[in-house]
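The values are calculated or read from the model by the stated rules, or taken from the named source; none is laboratory data. Not measured: the values here are computed from a predicted model. Don't worry about glycine lacking a Cβ; one is built from the backbone with ideal geometry, like all the others, and counts go over all protein chains shown. Heavy atoms of the whole protein, side chains included, go into the accessibility calculation; ligands, DNA and RNA do not. Shrake-Rupley method; radii C 1.70, N 1.55, O 1.52, S 1.80 Å.
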Amino acid sequence: LVMLGSCVGWAARRAPWTRLHDDEQSHVFLGSIVAVALLWSISSAIGALPRLHLLGATLMVLMFGPRLALIGMTAAVALSAAIGPESLAAAPLRALVGGVLPIAVSHGILRFCEEKLPPNFFVYIFGAAFFGGAAAMWVACIASAILLNAYTPAALPPDTPITAVLLMLGFAEATLTGMLATLMAVYRPRWIWTFSDERYLRRS
């Protein structure tokens, strides 16, 4: 709880709150929190594994940057705990594993794409969005395995390979993030703050 509070406090002090003064942007931010909370509440179970669900962390980073994404994800986790099957006591750990860590990974991949790769639309979608979403999910799963002793052979039904579960979750997260990022970049570019027409769609 102390670690999560420190991360949220740091993000709150440095977040670009002025961008939310615009009504449209504030509505999109609040709507995204509700959408992620609903995404977390839609989950399923395989054997003795923790309930599986998509994260939405990478998309939040692409839409609002890492600081507002951290605040939004924390609020979404708290809301999903209030409306879902998980207990409120587990919310801080879930926010760290499913929020803070994936956000850090997503932001790192985004920065790598911006600094090391050509400013190309497909680099943004397949690198920052698609691969970023998959990597964020894999890191969250590994952290869960370490902290919760999850994703072990004993937790899975017989003949269910761990790699298949991880690949399934990573591909699902990547697909959701890539599709939504593409739709927003094309139709609602104001909703995705890390995307720039001038940078990614300029003529060579």
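The listed residues His21, His53, once ranked by accessible area (1.4 Å probe) with the largest placed first, stand as His21, His53. Each of the peptides 179-185, 195-201 was scored by the mean count of other Cβ atoms within 10 Å over its residues; in descending order, highest first, they stand as 179-185, 195-201. Counting protein heavy atoms only, the chain has 68 percent of its accessible area on carbon and sulfur, 1.4 angstrom probe. Only helical runs count toward this figure. For the chain, summing -39,500 (n - 2.57) over DSSP H runs of n ≥ 4 and dividing by all residues gives -20500 deg cm²/dmol at 222 nm. In the chain, taking the dipole from charged Cβ atoms about the Cα centre, the farthest positive-side position among Ile146, Phe195, Leu167 is held by Phe195.
Mind checking which helices in the chain clear 30 Å along their axis (Cα) and have mean Kyte-Doolittle hydropathy of 0.5 or more, DSSP H runs only?
Within the chain the helices that satisfy the rule are 162-187.
The trypsin sites (Lys or Arg not before Pro) of the stretch 70-140 include none that meets both conditions, a loop assignment by DSSP and at most 16 other Cβ atoms within 10 Å of the site Cβ.
Across the alpha-carbon atoms of the chain, the computed radius of gyration and Dmax are 16.9, 54 angstrom.
In the elastic network of the chain, a GNM with C-alpha springs shorter than 10 Å, the most mobile of Glu24, Glu114, Glu173 is Glu24.
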